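To keep things clear, I will list the structure first and then write my remarks on it.
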Amino acid sequence: MRVILIRLVVAALCLGLAAQAAAAPTPLEIVKRTNEDVLAIFKKHPVVDAAVEKELFAAIDAVTDYEALSAAAIDSFCQQLTPAQCATFRETFTRLLRISSIKKLGRYRADRFEYAGEEVAGGTALVRTFAFFKEEKIPLDYRMERRGGSWVIVNYIVDEIDTVRNYRKQFTQLLAKESFDQLIARLNRKIAGFEAEK
């Protein structure tokens, strides 16, 4: 009797997990829902002030792994840095990614999005979209990874420019000419510039 009960409990748990997996949003659904949330925020608030930024951060932070994006762009440089420098680089660059994403959204507000599908391979996915800015149609692809039962964005490819690869290239060029401290000062100036924007 006890063995039968254990089997029933295990079967119920498996069915529950299968139902949860079936009900979990797909990568495309997550991107679509987030884009709709962002468009709705902009429609409701034509002027982007601190309160609107907070709403935008809430929508985007929930689906974006900025730490993973940052690590992918800078971890190869950490071999030349001390652990403390590497931690500073990651923290500063993550702050820059986060605020620049919101400020750029405010400047280049898409009127609408079209969705060209998703490609899922195990724990990774690519969601293909097009963002429409007035008369422009810009390809915007999202690289995503599974985190637990959901999906998060770990990279953006905007008009065929890979965000991680592009930053890695910039940092390679800058660190060939500047010291680490100069690079961090440069990133902090960019952050301050974004923060000062109205």
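The values are calculated or read from the model by the stated rules, or taken from the named source; none is laboratory data. The structure displayed is predicted, hence computed values, not measured ones. Glycine gets a Cβ as well: all are built from the backbone with ideal geometry, and neighbour counts include every protein chain shown. Side chains are part of the model used for accessible areas, which takes the heavy atoms of the whole protein and leaves out ligands, DNA and RNA. Shrake-Rupley method; radii C 1.70, N 1.55, O 1.52, S 1.80 Å.
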Can you tell me which condition Ile153 does not meet? The list is (1) open to solvent by 30 Å² or more (accessible area, probe 1.4 Å); (2) modelled with pLDDT of 95 or more, and all the others hold. (1)
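The rows are residues; the columns are (1) over 28 Å from Phe113 (Cα atoms); (2) surrounded by 15 or more Cβ atoms within 10 Å (Cβ to Cβ).
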residue: Leu39; (1), (2): no, yes
residue: Lys54; (1), (2): no, no
residue: Asp75; (1), (2): yes, no
residue: Leu97; (1), (2): no, yes
For the range 160-176 the number of residues that are in a helix (DSSP H, G or I), surrounded by 15 or more Cβ atoms within 10 Å (Cβ to Cβ) and within 20 Å of the chain's Cα centre (by Cα) is 5
Glu145 fails exactly one of (1) under 17 Å from the mean Cα position of the chain (by Cα); (2) in contact (Cβ under 8 Å) with a residue 40 or more places away in the chain; (3) loosely packed, with under 15 Cβ neighbours inside 10 Å, namely (3)
Which count do you get for residues in the range 7-37 that are open to solvent by 30 Å² or more (accessible area, probe 1.4 Å) and modelled with pLDDT of 90 or more? 8
Cβ-Cβ under 9 Å pairs, at least 6 apart or on other chains, the range 152-165 side closer than 21 Å to Phe132 by Cβ, far side surrounded by 15 or more Cβ atoms within 10 Å (Cβ to Cβ) and acidic (Asp, Glu): Ile153/Asp65; Ile153/Glu145; Tyr156/Asp141; Tyr156/Asp162; Ile157/Asp141; Val158/Asp141; Glu160/Asp141
Could you name every one of the helices (runs of 4 or more DSSP H) located completely within the range 27-78 that has at least 3 residues being of a type in the set (A, V, I, L, M, F, W, C) and without any contact (Cβ under 8 Å) to a residue 40 or more places away in the chain? 50-61
